[in-house]
1. Please list, ordered by chain and number, the residues whose modelled amide H lies under 5 Å from the amide H of A:G390; skip anything fewer than 5 residues away on the same chain.
2. Sort A:D460, B:D22 so the one with the fewest other Cβ atoms within 10 Å of its own Cβ comes first.
3. How large is the dipole of the stretch A:1-148 about the Cα centre if only Lys and Arg carry +1 and Asp and Glu carry -1, each at its Cβ, rounded to the nearest 20 debye?
4. Would you pull out the residues with amide H under 5 Å of A:A224's amide H, same chain only if 5 or more places away, H placed 1.01 Å from N?
5. Which percent of the Cα-Cα distances in the stretch A:216-410 go past 24 Å?
6. After finding the eigenvalues of the alpha carbon gyration tensor for the stretch B:3-97, what semi-axes result from the square roots of 5 times each, listed largest first in whole Å?
7. Just in the stretch A:258-295: which trypsin sites (Lys or Arg not before Pro) are loop by DSSP and have at most 16 other Cβ atoms within 10 Å?
8. Got a sec to turn the phi values of the stretch A:110-116 into Karplus ³J(HN,Hα) couplings, 6.51 cos²θ - 1.76 cosθ + 1.60 with θ = phi - 60°, whole Hz, x for Gly and Pro?
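Bear in mind that the values in this text are calculations on the coordinates, not laboratory data. All figures in this text were calculated on a predicted structure; none of them were measured in a lab. Methodologically, a virtual Cβ is constructed for each residue, glycine included, from the backbone with ideal geometry; neighbour enumeration extends over all protein chains shown.
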Amino acid sequence: MSSIQGVADELMFKATMAAAEFQQLNQADTDNIVENIFKAGFTNRVKLAKMAQEETGIGVWQHKVIKNVVATQLVYENIKNEKTVGIIKEDTIRGIVEIAQPLGPIFAIIPITNPTSTILFKILISMKTRNPVIVSAPRHAFNCCKETVDICYAAALAAGAPEDCIQIIEHGSREFTHTIMAHHNLALTLATGGTGLVHAAYSSGNPAIGVGPGNVPVLIDESADIPFAIENIILSKTFDNGTICASEQSIIVEKTITNAVRKEFESQHCYFLDEAETKKLEEYAVLKDKGTMNPEIVGKPATFIAERAGINAPENTRILMAPLNGVGLKYPLSVEILAPVLAYYECDNYKSAIKTCIDLNFLGGIGHTAVIYANNETRIMEFSEIMNAGRIVVNTPSGQGAVGGLFNTLPTSFTLGCGTGGKNITTENISAHQLINVQRVCRRKINTQWFQFDQAKYIDENQGTDDILSEYYKNY
Amino acid sequence: MINYNLNTHSNTLSCQFIGRLDTNNTSKIAESVEEKIKDHTGDDQNTAPKVVFDIEQVDYIASAFIRICIKAVQKAGKINFAIINASPMIKKTFKIAGLDEELNVS
């Protein structure tokens, strides 16, 4: 047995023991554990945010505090009254009773962009559903992740949770991660990370809930309140220096309003690049060989990126705006960039704007999120029906809107499903309700229409379809 | 609070547990139970001293208790160890742990 397999077996043995114990707890016991973890995480929101920012060098610690608050307070509010143990639904008319069973050990993969908040979120929804959780932290965010896990685990034990209900992989490697993903005792991988990682989770042979990459187009329609739209876009794209995968990537406007839109962006310290500067940014911000963002710019301020790219932007620049003429590999800045950089498109008319949004949506962001600013209901719905996105966010900052709970009533989540386009099983915001097995008790409720019908007619080859159906539905 | 009784008849050590065997309660009895099993089984499994855990009056077990069971079966040998009178819920707990056959749970 290899040492990797041995360590994985030991980790999974502990998780399996915890799962066995966990399933004996009732709803009140479970809710008590969840409340204790919520309070512990919330109490340490600032410490963990500072640790995450210092260790990773990504984002803004004050914004990471808000992320930690969303991941504790809002997630807790969202799940605290949810039934996740025993009978969760009774429909006496249909004769169906639904009972929740835990899944078993969950493998939680954590992204470097939102490390502590994603752990808090995944631990809360896993504990709420009586599933032990094993955390896989990014190497460059291990210490803040370990601290988060230790805080949550101590709070869980104090409330009577099983030993080893929360574990963290101490010395992870790609091979070890794959060994855990494929372990026969694992119930599910909750994969938040890059495409390769999510694909590995889905290919492991065990169930997985993954997320897809985002490439969020924002259509500003003629009917939009332009100052309001720009203010909201900046609020989202500068939050934690643009590290939320649901944050805006491209702005698409019709020619009729470009002057007003540009003027508003510029008045709020967004810097429009000229052709030469756009070229410089392309070369620095996007890896030529892969066509993906340079990891060095993730979560960095606009001024830092401008300086590194050799662009002389004003000191108070909040976002770098890159005017582009097309979408695709020939236009490197049209891909997802988790930093305060926005591609900017001016289109001849509404139809052309919509088509640009479709191109962007299908360029690596299919199934994720799309945004429209408009006050024309017809256009809002037309845009929504044509976009292939799990979340169409309307007149709302995208990052905060997609996560849910702040600007709308979507479930608060740090794992956003992208449907089959993103190679995911669901387009939903993942929460506790996806982490239970629902079993249905089915009471006898006779289908009288079926049993009153002469079944011999089905067997008789000479009976025509129309004759059978008209007889079957007669008087109904 | 957990209670337990230990009785020896001929070569069988019978351990009857009563109450909730959560982590705290189990930690209070683990050492003495393990000591008794060690004394009873000695170092020679060939003498076939048997160990039986009666958990009829137990309504909850922690993973710590499962670990006591694992140590006991390692000490006594699989054919000389059994857990009897498990409630359906606790039977399922051993099943999920993948140890119901190894520990002869009934």
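1. Here A:G367, A:H368, A:T369 satisfy the definition.
2. Going from sparsest to densest Cβ surroundings: A:D460, B:D22.
3. Value, rounded to 20: 440 debye.
4. When sequence neighbours closer than 5 places are left aside, the close amide H contacts are A:N375.
5. 31
6. Values for the stretch B:3-97, descending: 21, 14, 12 Å.
7. Here the sparse-neighbourhood loop sites are A:K288, A:K290.
8. 3J(HN,Hα) across the stretch A:110-116, in whole Hz: 10, x, 6, 6, 10, x, 5.
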